[in-house]
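Trainee: First the structure, then my questions, so here it is.
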Amino acid sequence: MKGKIQFYFKNKKRSYSFTLNRNITIINDFSGTGKSSFIRDLQNGLLDVKGRRHILKSDGYRVKILNDSNWDSIYDGQHAYTDTIFFIDEQNPFLVTQKFAKFVTNTGAYFVIITRAHLSQLSYSVEEIYEFDYDEDKNLYTLKPKYDLLCNDIKSKYYLGYKSNVLPTLIMTEDSGSGFDFFKCLGIDCIGAGGNSKIYGKVKENLDKNLFVVGDGAAFGAYINDLVRLQGHDIRLFLPESFEYMVLKSGIYYDKNLDDVLRNTWKYVEYKEYSSWERYFTKYLIDISSDTVIPYKKSGFRKGFLQKGNIEKILDSNDLSFLNIAGELQASSDESEITSSKSIAKMNII
Amino acid sequence: MLKIIYGILDTDEDFIYNGDVFFNDEREEEWLSNELVKQMILDIDKSEVLDNNLIKSPVLGLIPPEYLSGGVKTLISILYNPELLFNATGCGENCSKWLLKIADELDEDVIINLQYNMKFPEGPFQIKVMNTDTIITNDRDLALEALGLSDKYVNYYDGVISYEG
């Protein structure tokens with residue numbers, strides 16, 4: 001499945017209306033806000049087979065409630081559920097299992113999950129974690145983002161500490177791939193956490209620093225709650241969709257669909273192929289750069305890419321110009337790979 | 001004292017994974033006549049207890065106790081069954097002050113399991129994080145102590161915490 005799905009459900013007393021922007025939508029809210037009532041209402045609605053007492057709209061996709069009692073049989077027949085939106089209430093033990101993660105990937109279906117558990121075996125976006133919003137006059141439930149972007153500028157993806165103008169003393173990336181290579185060039189101390197699962201430990205070890213934590217927002221959903229709980233410490237949490245997204249935004253590489261891909265990514269990501277937008281952006285960037293003089297590589301930048309101009313382009317297009325300390329950029333002067341006969345037409349190379 | 005085991009728990013204790021279901025199955029009539037219970041239902045569900053089997057909800061109308069939120073049902077179940085180990089992940093952060101009140105009301109320790117880093121009132125309070133065997137007295141320290149614990153697989157056998165892998 002791919003694309004946005006408009007979901008609408010109405011019974012005699014209440015209605016629910018929201019958009020599923022990606023394959024995983026998390027509803028994480030206070031108690032007593034109507035989450036279990038929603039599942040109960042939907043369950044009753046699905047039993048109303050002639051559809052006379054309820055309205056259910058789901059852009060033509062099948063709607064199913066997944067719970068402990070039907071999990072095994074649905075898992076065994078998963079090939080039949082590729083065009084399905086699954087709704088799952090909290091407290092279902094299978095939610096935290098690798099088996100469920102496999103089910104999500106294998107089916108490419110859409111999931112609306114009510115939970116406070118991290119579900120770190122899944123890749124889901126921080127932007128797709130919601131709370132219920134209830135309009136009493138209309139008896140209408142909609143969804144509002146749980147974690148607000150601290151700045152409305154679409155370039156900025158700060159979830160913590162945006163307003164601080166102080167330069168960080170330590171930049172922390174999730175891993176030691178191309179993102180780490182990039183931020184290491186800025187002349188500020190930089191470490192790779194060694195993967196999302198290790199990020200907490202590294203943050204804890206370095207709380208005495210002014211921390212700037214960079215993560216792939218498209219797959220960081222499981223980790224944001226614990227880090228946002230550190231409000232009040234010297235931490236900024238910067239979560240663009242992914243580092244590859246940052247490179248794509250810079251305009252260094254060209255593709256005729258690039259602008260649409262960045263603005264309307266939802267049109268392009270098939271979830272049986274890509275577990276998250278992060279994976280899609282990586283593949284897309286590798287593809288469009290493949291016949292350029294410096295093809296992109298996730299595990300680390302090829303020589304010649306990290307020139308001053310390219311670094312500044314990535315910083316400026318992602319609202320990170322403040323990290324460009326005059327005279328501190330440790331840009332590469334090695335142009336040894338920019339000598340091949342490969343086309344540079346698809347690269348705004350600096 | 002309130003004691004918390006963070007993580008995806010496996011244990012030889014009498015562990016109630018789903019407080020919502022437990023409440024529906026095992027509720028006693030008199031539970032809803034308790035003043036603390038009535039306060040919790042009013043605060044969390046914004047609802048008024050009319051009698052032991054009837055509640056008035058501003059959104060749902062007149063409802064049976066089974067239609068209360070999973071969070072408040074888990075809290076009530078903990079209050080009346082403190083010897084059991086409840087998974088309190090179904091309790092939202094608006095339940096945390098009530099967890100502390102329940103632990104204060106009871107003469108015995110209350111142990112809960114959490115699969116998320118729940119925010120508590122600022123403090124001071126006393127919560128024991130059993131994963132690290134540490135007593136914490138304010139939420140700022142608790143946030144740090146619980147950092148990264150909630151999605152680990154944790155065992156609690158014979159009163160001892162250990163980790164898989």
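Trainee: Normalised by the number of residues in region B:77-142, what is the relative contact order in percent for Cα pairs under 8 Å and 6+ residues apart? Intermediate results must be reported in sequence, preceding the final value.
Mentor: On the way: 69 pairs, mean separation 19.2, N = 66.
Relative contact order comes out at 29 percent.
Trainee: Where the Cα atoms of region A:212-291 are projected onto their three principal axes, how long is each span, largest first, in whole Å?
Mentor: That works out to 45, 29, 20 Å along the principal axes.
Trainee: How much area per residue is accessible in region B:11-137 when the probe is 1.4 Å and only protein heavy atoms are counted (Å²)? Provide the component values of the computation, followed by the final result.
Mentor: Details: 5400 Å² over 127 residues.
Heavy-atom SASA per residue in region B:11-137 reads 43 Å².
Trainee: Taking every DSSP beta bridge with both residues inside region B:2-86, roughly what % is antiparallel (nearest 5)? Mind dumping the intermediate values first?
Mentor: Working: 6 of 8 bridges.
Of all bridge pairs located within region B:2-86, approximately 75 percent are antiparallel.
Trainee: Can you tell which of A:81, A:19, A:195 lies farthest toward the positive end of the dipole of chain A, using +1 and -1 charges on the Cβ of basic and acidic side chains (Lys, Arg; Asp, Glu)?
Mentor: Of the listed residues, the answer is A:81.
Trainee: Order A:301, B:23 by their accessible area, 1.4 angstrom probe, all chains in place, largest first. Kindly include the intermediate steps, with their values, before the conclusion.
Mentor: On the way: A:301 30, B:23 0 Å².
Largest to smallest exposure gives the sequence A:301, B:23.
Trainee: Cα atoms only: what Rg and Dmax, in Å, come out for region A:175-224?
Mentor: Calculated on Cα positions, Rg and Dmax stand at 10.9, 30 Å.
Trainee: Taking each residue of B:89-102 in turn, how many C-beta atoms of other protein chains fall within 10 Å of its C-beta, and what is the average?
Mentor: Working: counts 6, 10, 3, 9, 5, 5, 3, 0, 0, 1, 0, 0, 0, 0.
Per residue, the average neighbour count from other chains is 3.
Trainee: Hey, what did chain A get for relative contact order, percent, Cα under 8 Å, at least 6 apart?
Mentor: For chain A, the relative contact order is 17 percent.
Trainee: Just to verify a number: what accessible area does residue A:190 come out at with the full protein assembly present, 1.4 Å probe, Å² rounded to tens?
Mentor: Surface open to solvent at residue A:190 totals about 20 Å².
Trainee: Nearest 20 debye, what's the magnitude of the dipole of chain A about its Cα centre given +1 on Lys and Arg Cβ and -1 on Asp and Glu Cβ?
Mentor: Working: 46 positive and 45 negative charges, 202 e Å.
Computed about the Cα centre, the dipole is about 960 debye.
Trainee: For region A:1-54, just say rounded, prolate or oblate: build the C-alpha gyration tensor, square-root its eigenvalues into a ≥ b ≥ c, call rounded for a/c under 1.5, and beyond that prolate if a/b exceeds b/c, oblate if not. Walk me through the numbers on the way to the answer.
Mentor: Numbers: a/c = 2.23, a/b = 1.19, b/c = 1.87.
Here region A:1-54 falls in the oblate category.
Trainee: Just to compare against my own numbers: the Cα pair-distance distribution for region B:33-139, 10 Å bins, whole % per bin, please.
Mentor: Over region B:33-139, the share of Cα pairs per 10 Å bin runs 14, 46, 30, 9, 1 percent.
Trainee: When only Cα pairs under 8 Å and 6 or more residues apart are kept, what is the percent relative contact order across region B:1-149? Show your work: numbers first, answer last.
Mentor: Numbers: 254 pairs, mean separation 48.1, N = 149.
32 percent.
Trainee: Computing the accessible area with a 1.4 Å probe over protein heavy atoms, can you report the carbon and sulfur percentage for chain A? All intermediate terms of the calculation are to be shown ahead of the outcome.
Mentor: Working: 6910 of 14890 Å².
Here carbon and sulfur together make up 46 percent of the probe-accessible area.
Trainee: With a probe of 1.4 Å, find how much accessible area chain A has per residue, and write the answer as a whole number in Å². Write out the running numbers ahead of the final one.
Mentor: On the way: 14890 Å² over 350 residues.
Accessible area per residue, chain A: 43 Å².
Trainee: Moving on to the next point. Pick out, from A:120, B:136, A:166, the residue whose Cα sits farthest towards the positive end of the charge dipole of the protein assembly as shown, with +1 on the Cβ of Lys and Arg and -1 on the Cβ of Asp and Glu.
Mentor: A:166
Trainee: Could you compute the FRET efficiency for residue A:169 and residue A:298, with r as their C-beta to C-beta distance and R0 at 25 Å, rounded to 0.05?
Mentor: On the way: r = 27 Å, r/R0 = 1.09.
E(calc), rounded to 0.05, equals 0.35.
Trainee: Additional query: Return the average number of partner chain Cβ atoms within 10 angstrom of each residue Cβ along peptide A:220-231.
Mentor: Numbers: counts 0, 0, 2, 2, 0, 5, 10, 4, 3, 11, 5, 3.
For peptide A:220-231, the averaged partner shielding equals 4.
Trainee: For region A:18-62, list whatever residues lose no less than 40 Å² of accessible surface once every protein chain is in place, relative to that chain by itself, with the probe at 1.4 Å.
Mentor: A:30, A:31, A:32, A:40
Trainee: Of all DSSP beta bridges in chain A, what percent run antiparallel (nearest 5)? All intermediate terms of the calculation are to be shown ahead of the outcome.
Mentor: Values: 18 of 46 bridges.
Of all bridge pairs located within chain A, approximately 40 percent are antiparallel.
Trainee: For chains A and B, what's the summed buried accessible area, probe 1.4 Å, to the nearest 100 square angstrom? It would help to have the intermediate numbers written out before the result.
Mentor: Numbers: alone 16360 and 8380 Å², together 21910 Å².
Heavy-atom accessible area buried at this interface is about 2800 Å².
Trainee: About the Cα centre of region B:1-97, how large is the charge dipole given +1 on each Lys and Arg Cβ and -1 on each Asp and Glu Cβ? Please answer in debye to the nearest 20.
Mentor: So the dipole magnitude of region B:1-97 works out to roughly 480 debye.
Trainee: Let me know the charge dipole size of region A:222-325 about its Cα centre in debye, to the nearest 20, where only the beta-carbon of Lys, Arg (+1) and Asp, Glu (-1) is charged. Can you show the working numbers first?
Mentor: Values: 15 positive and 15 negative charges, 51 e Å.
So the dipole magnitude of region A:222-325 works out to roughly 240 debye.
Trainee: Which order do peptides A:112-120, A:251-259 fall in by mean Cβ count within 10 Å, highest first? Write out the running numbers ahead of the final one.
Mentor: Working: A:112-120: 22.7, A:251-259: 15.0.
In descending order of packing, they fall as A:112-120, A:251-259.
Trainee: Would you work out if chain A is rounded, prolate or oblate? Take a ≥ b ≥ c from the square roots of the eigenvalues of the alpha-carbon gyration tensor; rounded if a/c is under 1.5, else prolate when a/b is larger than b/c, oblate otherwise. Present the calculation step by step, with values, prior to reporting the outcome.
Mentor: Values: a/c = 2.26, a/b = 1.72, b/c = 1.31.
Prolate shape, in that a/c is at least 1.5 and a/b is the bigger ratio.
Trainee: What does the extension gain come out to for residue A:102 and residue A:52, with contour length at 0.36 nm per residue minus their alpha carbon separation? Before the final figure, lay out each step's value.
Mentor: Numbers: separation 50, 0.36 × 50 = 18.00 nm, distance 3.65 nm.
Value of the extension gain: 14.4 nm.
Trainee: Please compute the length gained on full extension between residue A:82 and residue A:260, using 0.36 nm multiplied by the number of residues separating them and subtracting their Cα-Cα distance.
Mentor: So the chain would gain 61.5 nm between residue A:82 and residue A:260.
Trainee: A further question on this structure: Quick check: net charge around residue B:159, other residues with Cβ under 10 Å of its Cβ, Lys/Arg +1 and Asp/Glu -1? Write out the running numbers ahead of the final one.
Mentor: Values: positive: none; negative: B:12, B:13, B:158.
After counting each charged neighbour, the total is -3.
The values are calculated or read from the model by the stated rules, or taken from the named source; none is laboratory data. Nothing here was measured: the structure is a model prediction, and the numbers come from that model. For neighbour counting, all protein chains shown are included, and Cβ atoms are generated from backbone atoms with ideal geometry for every residue, glycine included. Heavy atoms of the whole protein, side chains included, go into the accessibility calculation; ligands, DNA and RNA do not. Shrake-Rupley method; radii C 1.70, N 1.55, O 1.52, S 1.80 Å.
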